[in-house]
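Notes to accompany the following structure.
The values are calculated or read from the model by the stated rules, or taken from the named source; none is laboratory data. Keep in mind the model is a prediction, meaning the values are calculated, not measured. Cβ placement follows ideal geometry from the backbone for every residue including glycine, while neighbour counts extend to all protein chains displayed. Surface accessibility is based on the protein's heavy atoms, side chains included, excluding ligands, DNA and RNA. Shrake-Rupley method; radii C 1.70, N 1.55, O 1.52, S 1.80 Å.
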Amino acid sequence: MMAATAVLGAGAIALGAALGESAKHYADYVMEVERGSKATGISTEQMSGLKFMAEETGTSYDALVTGLTRFTTTVVKAAAGGEQQMTAFARLHITQAQVAAGEKDMMPLLELVADRFKGLGSQVDRTAVARELFSRGGAALVKMLSLGAEGIRDFEKERSEEHTSELQSR
């Protein structure tokens with residue numbers, strides 16, 4: 001009887017430790033997504049999908065946030081008439097009006113960039129455009145951008161479904 005009680009007690013302690021670790025992991029995840037959201041202006045839900053996409057494509061989350069932060073700067077400068085920045089968008093056949101709209105809501109512009117990026121011919125072209133739009137961190141985003149807007153939406157949807165499952169299992 002005492003042995004069974006000891007086993008049950010040990011199991012309860014192990015379960016408590018596992019739940020505590022899971023809660024910490026989730027809290028860390030939320031903090032990372034919020035940090036990325038604040039730095040880029042992208043909603044936490046969309047940022048969560050992008051984080052998931054980065055993880056699945058082998059891109060570091062820090063590289064993603066850095067690239068998106070620099071992309072934000074590129075968008076602002078292009079919308080204000082910066083020739084060098086607008087030239088990078090023009091290579092993707094993105095207009096000044098589309099860039100200006102992206103200054104207000106970056107996700108549609110990011111998806112448009114990804115779609116146009118997907119159509120670029122060579123890896124050299126992709127890397128060059130990524131560096132022009134996302135600065136030094138752009139090269140790390142090539143694999144993600146190459147999946148296009150559909151890839152971004154698919155990862156966002158998949159992450160949302162996983163998140164819902166995680167919440168339901170708690």
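With every protein chain left in place and a probe of 1.4 Å, what is the accessible surface of Val142, to the nearest 10 Å²?
The accessible area comes out at roughly 10 Å².
Quick check: net charge around Leu147, other residues with Cβ under 11 Å of its Cβ, Lys/Arg +1 and Asp/Glu -1?
Within the 11 Å Cβ shell, the charges total -2.
Among Gln84, Gly102, Gly121, which residue has its Cα furthest toward the positive end of the charge dipole of segment 65-128, with +1 on Lys/Arg Cβ and -1 on Asp/Glu Cβ?
It is Gly121, whose Cα lies furthest towards the positive end.
Just to check I understand the Karplus step: with θ = phi - 60° and J = 6.51 cos²θ - 1.76 cosθ + 1.60, what whole-Hz values come out for segment 77-94, glycine and proline as x?
5, 5, 5, 7, x, x, 5, 4, 5, 5, 4, 5, 5, 4, 4, 9, 6, 10
Using a 1.4 Å probe, how large is the accessible area of Glu34, given in Å² and rounded to the nearest 10?
80
Roughly speaking, to the nearest percent, how much of segment 49-170's 1.4 Å accessible area is carbon and sulfur?
Whole-percent figure for carbon plus sulfur exposure: 51.
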